[in-house]
1. Quick one: is ARG340 within 30 Å of LEU265 (Cβ to Cβ), exposed (fewer than 12 other Cβ atoms within 10 Å of the Cβ) and not β-branched (Val, Ile, Thr)?
2. Working only within region 348-397, note down all residues that are touching a residue at least 24 places away in the same chain (Cβ under 8 Å) and among the hydroxyl-bearing types (Ser, Thr, Tyr).
3. Do we have LEU163 as more than 15 Å from the chain's Cα centre (by Cα), under 17 Å from SER136 (Cα atoms) and either surrounded by 16 or more Cβ atoms within 10 Å (Cβ to Cβ) or hydroxyl-bearing (Ser, Thr, Tyr) (or both) here?
4. So, in region 360-373, of the ones that are within 18 Å of the chain's Cα centre (by Cα) and surrounded by 14 or more Cβ atoms within 10 Å (Cβ to Cβ), which residue ends up nearest to THR347 (Cα to Cα)?
5. Which ranges mark the helices (runs of 4 or more DSSP H) fully within region 286-358 that have 3 or more residues being of a type outside the set (Lys, Arg) and within 30 Å of PRO376 (Cβ to Cβ)?
6. From the list ASP232, ASP277, pick out the single residue that is out of contact with any strand residue (DSSP E or B) (no Cβ under 9 Å at 6 or more places or on another chain), not in a helix (DSSP H, G or I) and not assigned by TED's automatic domain parsing to the domain that holds GLY184.
7. Within region 109-141, how many residues are assigned to a loop (DSSP other than H, G, I, E, B) and touching a strand residue (DSSP E or B) at 6+ places or on another chain (Cβ under 8 Å)?
8. Looking at region 34-46, can you tell me whether even one residue there is in a loop (DSSP other than H, G, I, E, B) and either crowded, with 24+ Cβ neighbours inside 10 Å or at pLDDT below 95 (or both)?
Amino acid sequence: MRRPAAGGEESRTRPLDGVRVLDLSRVIAGPLCTMQLADLGAEVIKVEHPVHGDDSRAMKPPDAGGEAHFFLAFNRGKKSVALDLAHPAGREVLDRLAARSDVLVENFRPGVTRRLGLDWESLRVRHPHLVYCTISAYGTTGPRADRPGLDPVLQAEAGMMALNGEPDGDPLRHPLAIVDTVAGLYAATAILAALVHRRQTGRGQRVELALFDCALAMLGNVGQYYLTSGRDPERLGNAHPAAVPVGLFRTATGPLYLACGTDRLFRRLCGALDRPDLAEDPRFATNTSRVVHRAALFAELARIFAGAPLEHWLARLEAAGVPAGPVRAVSAALESEEVRARGLVATAPHPTAGAIRLVVSPLRFSETPVAPPVAPPLLGQHTDDVLREVAGLDEPALAALRAAGVIR
């Protein structure tokens, strides 16, 4: 672990000041993990193929200054080193970088790092301090260990799609890469725990995450529903299996989403609707009875909400302390007043786009603020600087590697 630089708050107060991370990952889960570490102050060196880089660089349009929106979403705050790991000289360079790094994150298919001599078993001999994080689709053991896997397929296999969609329609995948996203967050948490262990013992370790394992862990209460009852949860569309009323209701001018998970909130809702009688109706007086009589209650609420504009109901529900909100487009959400007030979108200078807007870290610390957003790097933008400063290579060595096509 590097010693944090001396100076003011900008140079010494990030939670992970002094930590260096080698990011060999691609697309979402690994890059999201390392982006969290960069937000927390780690120096993240993204090692990419010198010709095409991270696969997500090709996932466009749209783009900004030639850089794919997909790549921009998961790679802020990193340095890019374009290095061919298939070349022996490239692997020698990576070994130099590993010697002076704290964490390595990779999401190659099982077997690739072993063929390259960059697997945990090989690197731990030379770099016992290293925290080595592997992210794969199905793990390194088990009957599917050699299979590739992408987020939508894992949603299907883990039972998520069976839960999503209207009761009389087809199962639907979540439109976001939710398995990749949560796996990246799990990975960041696990790496932080491994760094604490290393601080206590001086020893690194391997951290392994499988997307399938993370998807199963995400099932939460619905997974426990099956384990408790032996029955599959029903697919309920916008409704909730155990809390009523929770769902989407159409007003005279647009839809709102309402969530009343307790009897206390339901009584507040009835007051806001000027229908206190609903709270006294034996069919609706308790959450258990509302679950049984869901259809009747939803029909009554649908009739009521359709009688006035969205803004009317939002104001009344907010005044009553009832959780409800408009169903926004992505654009409306990102341009909303609360986003501006919380500073959740920021502008950062970019080498080819001039300036780009980025969603920033949601983490807030009172003593150790996250790093200000830095635009994702161009492919190979930092190759020479990193290989000079971290790998200790001089100009003739860099020139030879570039002539051989090992670096860009």
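1. Working: within 30 Å of LEU265 (Cβ to Cβ): yes; exposed (fewer than 12 other Cβ atoms within 10 Å of the Cβ): yes; not β-branched (Val, Ile, Thr): yes.
Considered against the rule, which asks whether it is within 30 Å of LEU265 (Cβ to Cβ), exposed (fewer than 12 other Cβ atoms within 10 Å of the Cβ) and not β-branched (Val, Ile, Thr), ARG340 comes out as yes.
2. Of everything in region 348-397, those that are touching a residue at least 24 places away in the same chain (Cβ under 8 Å) and among the hydroxyl-bearing types (Ser, Thr, Tyr) turn out to be THR352, SER361, THR368, THR383.
3. Values: more than 15 Å from the chain's Cα centre (by Cα): yes; under 17 Å from SER136 (Cα atoms): no; either surrounded by 16 or more Cβ atoms within 10 Å (Cβ to Cβ) or hydroxyl-bearing (Ser, Thr, Tyr) (or both): yes.
Considered against the rule, which asks whether it is more than 15 Å from the chain's Cα centre (by Cα), under 17 Å from SER136 (Cα atoms) and either surrounded by 16 or more Cβ atoms within 10 Å (Cβ to Cβ) or hydroxyl-bearing (Ser, Thr, Tyr) (or both), LEU163 comes out as no.
4. Quick first cut of region 360-373, residues within 18 Å of the chain's Cα centre (by Cα) only: 360-364, 370-371, 373.
Applying the additional criterion that residues be surrounded by 14 or more Cβ atoms within 10 Å (Cβ to Cβ) yields 360-361, 370-371, 373.
Values: VAL360: 10, SER361: 13, VAL370: 16, ALA371: 14, PRO373: 8 Å.
Per the criteria, the residue is PRO373.
5. Details: elements: 287-292, 294-305, 310-320, 330-334, 337-342.
The qualifying helices (runs of 4 or more DSSP H) are 330-334, 337-342.
6. Working: ASP277 fails: not in a helix (DSSP H, G or I).
Testing whether each residue is out of contact with any strand residue (DSSP E or B) (no Cβ under 9 Å at 6 or more places or on another chain), not in a helix (DSSP H, G or I) and not assigned by TED's automatic domain parsing to the domain that holds GLY184 leaves just ASP232.
7. Total satisfying the criteria: 8.
8. Kept after step one, since they are in a loop (DSSP other than H, G, I, E, B), are these residues of region 34-46: 40-42.
Applying the additional criterion that residues be either crowded, with 24+ Cβ neighbours inside 10 Å or at pLDDT below 95 (or both) yields 42.
Yes; the residues of region 34-46 include at least one that is in a loop (DSSP other than H, G, I, E, B) and either crowded, with 24+ Cβ neighbours inside 10 Å or at pLDDT below 95 (or both).
The values are calculated or read from the model by the stated rules, or taken from the named source; none is laboratory data. The structure displayed is predicted, hence computed values, not measured ones. Every residue, glycine as well, gets a Cβ built from its backbone with ideal geometry; the counts of neighbours run over all protein chains shown.
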